[in-house]
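Here is the structure we will look at.
The values are calculated or read from the model by the stated rules, or taken from the named source; none is laboratory data. On a predicted model such as this, the values are computed, not experimentally measured, just so you know. A quick note on method: Cβ atoms are made from the backbone with ideal geometry, for glycine too, and the neighbour counts reach across all protein chains shown. Ligands, DNA and RNA are stripped out before the accessible areas are found, and what is left, the full protein with its side chains, is counted by its heavy atoms. Shrake-Rupley method; radii C 1.70, N 1.55, O 1.52, S 1.80 Å.
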Amino acid sequence: MTCDVLVLGGAGVDTTVYVPELPLAYRDTYPVPPVVDRIGNTGSGVSLGCAALGMDVAFADLIGDDPQGALVRDALRHVACAWGTAAGGTRRSVLLVAPDGRRTSFFDAKATPGERLPRALYAGVRARHVHVSLSDICRDVFDDLGGVPVSTDLHDWDGADDFHRDFAYRSDLVFLSATALEDPVAAMRGILARGRARTVVCTRGAGGCLVLTRGGEVRAFPAAPLPAPVADSNGAGDAFVSGFLYGTLNGLPLERCVTLGAVAGAHACTVPGTHESPITEPVLLARASADT
């Protein structure tokens, strides 16, 4: 099959608990609003976001033969998916979300040492672009993607953890967050110097983002205005990536790609938690902004 974007790895289930504050002081019991189980992880978010923007998307991953796997399959039923069985079950996250939208995530990767994404799940897909999720099962896929532009999201990499290096240095377009970086610019330059990336995008929340292209200087871009108070920051990064990729695959200039990502991320922060992914509406709003 042919598609615009092939996403590899990164499906899971988020259990979101809305708490009165972070950090949470010790108490034996906290009454909370309804606890929400919904599809999560970056591969799911980027797949749903790109599909909502009208791109043809294929997705391949390992998930468990468990209720969480069934939830993932149902949420991605409109995306062309190829599934293998994860020995440890479906990835899980428990997210504590404060009233201001900040979160603390407890991530259970369900990792099985040596487990890899089988090439058979994606070998028959001819994609214009591949997005590789930061998952150990995807560590070896780069050798199979020759000639196709590849992106990845390093999330809150500290610039030193070896786990991220294969992804950072073998991708053409690298996204990461400034959250754990003492010197974001140095980290961005290091990715370009040691790897094959042509563009590195470092998001800074309300501070917007930094962009560095090969042979260029670091450029700072502001965040998009929030259309409403922040409700939940989960999914904002995936919405940003989806909007940016939409612009990239449509040949839009860098500035426009950043705007699309920023608009999508801003709207994602203001969508309260539901049993559905928080991605679809924000990225559609980003697309609408591209058409104006």
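One Cα centroid belongs to the range 167-188, the other to the range 201-252; the line between them spans 13 Å. Size descriptor for the range 161-251, Kirkwood hydrodynamic radius: 14.0 Å (Cα pairs only, one decimal). Once C-alpha pairs closer than 8 Å and six or more residues apart are averaged by separation and normalised to the residue number of the chain, the relative contact order reads 18 percent. Positive contributions from Lys and Arg (+1) and negative ones from Asp and Glu (-1), summed over other residues with Cβ under 10 Å from the Cβ of ASP4, come out at 0. Value of Rg to Rh for the range 121-201, rounded to two decimals, is 0.97; Kirkwood radius and Rg both from alpha-carbon coordinates. Here the range 190-241 yields Rg over Rh of 1.06, to two decimals, using C-alpha coordinates and the Kirkwood radius. With the whole protein complex present, ARG119 retains an accessible surface near 130 Å², based on a 1.4 Å probe. A P(r) calculated from all alpha carbon pairs of the chain, with 5 Å bins opening at zero, reads 1, 6, 13, 17, 19, 18, 14, 8, 3, 1, 0, 0 percent. For the chain, the mean residue ellipticity at 222 nm estimated from helices alone is -8000 deg cm²/dmol, where every DSSP H run of n ≥ 4 contributes -39500 (n - 2.57) and the total is divided by all residues, rounded to the nearest 500. In units of the rule-of-thumb radius 2.2 N^0.38 Å, the range 52-200 shows an alpha carbon radius of gyration of 1.11. Note on the range 39-127: Cα Rg divided by 2.2 N^0.38 Å, N the number of residues, gives 1.18.
Once you've got the GNM for the chain with C-alpha springs shorter than 10 Å, pick whichever of ALA80, ALA266, ALA178 has the biggest mean-square fluctuation. Greatest mean-square fluctuation among the candidates belongs to ALA80.
The stretch between VAL218 and ARG77 holds 46.8 nm of extra length on full extension. This uses 0.36 nm per residue minus the Cα-Cα distance. Placing a pseudo-label 7 Å from each Cα along the Cα-to-Cβ vector at ASP158 and ARG102 gives an inter-label distance of 1.9 nm.
Taking R0 as 45 Å, what FRET efficiency do you get between ASP56 and TYR26 from their Cβ-Cβ distance, rounded to the nearest 0.05? For R0 = 45 Å, the calculated efficiency reads 0.35.
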